[in-house]
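Read through the structure below, which is laid out as structure tokens, and then see the notes.
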Amino acid sequence: MTTAREGLLDAFEGMLIDEGERSTTLDAVAARAQVSKGGLLYHFASKSALVDGLLERLHERAELDVAEMEGAPEGAAAHYVTTSAEVGTPFDQTFLAVFRLSLSAEPRATEAIQRIRTRWLELIEDEIGDRDVSLAVLLMGDGLYYNASLTADTDNADDPSGFPDIDALLRTLELLRSSVRG
């Protein structure tokens with residue numbers, strides 16, 4: 001069951017994604033969450049507190065993502081590449097909302113995203129052992145995420161300019177790993 005607090009964060013998240021930061025007045029967030037402004041203020045005394053709540057949510061979801069990456073039997077790098085194409089998940093929605101906040105010059109949002117990306121890079125580098133190759137893998141995931149975000153609502157699976165073949169990218173990852181091993 002979703003709590004009122006979670007419903008408010010869901011509304012804030014959805015508005016950031018759908019309409020951008022400028023639309024997220026306290027009145028508008030309360031209306032979208034179908035609560036009174038007083039109900040919103042009970043949980044979040046200000047818009048800054050709402051941002052704090054969203055950043056806390058991102059941190060919690062990122063920690064789960066990192067734990068999955070650390071425990072992945074295929075290794076952190078392959079897990080990262082494979083899951084970079086996942087859009088629409090709760091973590092993705094929160095990440096996207098915080099990214100939208102970062103575009104509106106919210107330094108806390110930018111810092112939160114940078115911390116997550118740094119942690120992903122560290123896990124990949126711990127496995128691969130080479131900073132440059134690890135950065136290439138991180139950027140491969142960025143490209144997958146970008147492409148998946150663009151094609152999420154389309155049925156163009158057969159379009160060669162559309163979604164890339166994950167298996168081909170995993171083979172490329174293995175070539176990169178092999179080049180580091182010597």
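Values quoted throughout were computed directly from the atomic coordinates according to the rules given, and no laboratory measurement underlies them. All figures in this text were calculated on a predicted structure; none of them were measured in a lab. Ideal geometry is used to build each Cβ from the backbone, glycine not excepted, and the neighbour counts take in all protein chains shown.
Principal-axis analysis of the Cα atoms of the chain puts helix 166-181 at an angle of about 60° to the longest axis.
The overall shape of the range 56-161, judged from the alpha-carbon gyration tensor, is oblate: a/c is not under 1.5, and a/b is no greater than b/c.
How big is the gap, in Å, between the Cα center of the range 92-116 and the Cα center of the range 1-67? If you average the Cα positions of each part, the centres end up 14 Å apart. Between 0 and 90 degrees, the angle of helix 90-103 with respect to the longest Cα principal axis of the chain falls at about 80 degrees. To test your reading of the geometry: what angle, between 0 and 90 degrees and rounded to tens, separates the Cα axis of helix 4-19 from the longest principal axis of the chain? Roughly 70 degrees, rounded to the nearest 10.
So for the chain, taking the charge dipole from beta-carbon charges (+1 Lys/Arg, -1 Asp/Glu), which of 2, 87, 139 sits furthest toward the positive end? Checking the options against the dipole of the chain, the answer is 2.
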